[in-house]
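Heads up: the structure comes next, in structure tokens.
The values are calculated or read from the model by the stated rules, or taken from the named source; none is laboratory data. Computed from a predicted model, the values in this text were never measured in an experiment. What goes into the accessible areas is simple: the full protein's heavy atoms, side chains included, and nothing from ligands, DNA or RNA. Shrake-Rupley method; radii C 1.70, N 1.55, O 1.52, S 1.80 Å.
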Amino acid sequence: MDVRSSLSYLHWLFCQFELITCSYLMEPWEKLLFYSFNLAVLGLLLYTAYACLALRASSAFQLLCSSLANPRENALAVVK
């Protein structure tokens, strides 16, 4: 993919974002606050998703490892 066409596409996406959010009507200081708030919320959402998914994946991996390590003991625990 050509770098120039990808930059053009990113510019087009940014223009679409400005049209959808009507931020092209804002003054520069309002745009700065608006974009800062949106980036902060996006960053917090990504961090939260990363932290929760890492915790869930870690606990699932530990459960899988423990069930594969001692299958006989786990089978007896289920029967009891």
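Structural remarks
- Candidates A49, A60, A40, ranked by Gaussian network fluctuation over the chain, Cα under 10 Å, top entry: A60
- Tilt relative to the chain, helix 3-21 - C-alpha long axis, 0 to 90 degrees, to 10: 80 degrees
- Accessible surface for the range 3-78, divided over its residues, is 88 Å² per residue with a 1.4 Å probe.
- Protein accessible area in the chain, 1.4 Å probe - carbon and sulfur %: 72 percent
- Rounded to the nearest 10 Å², the accessible area of L10 at probe 1.4 Å: 100 Å²
- Taking one quarter of the surface of the convex hull spanned by the alpha-carbon atoms of the chain gives a direction-averaged projected area of 10.2 nm².
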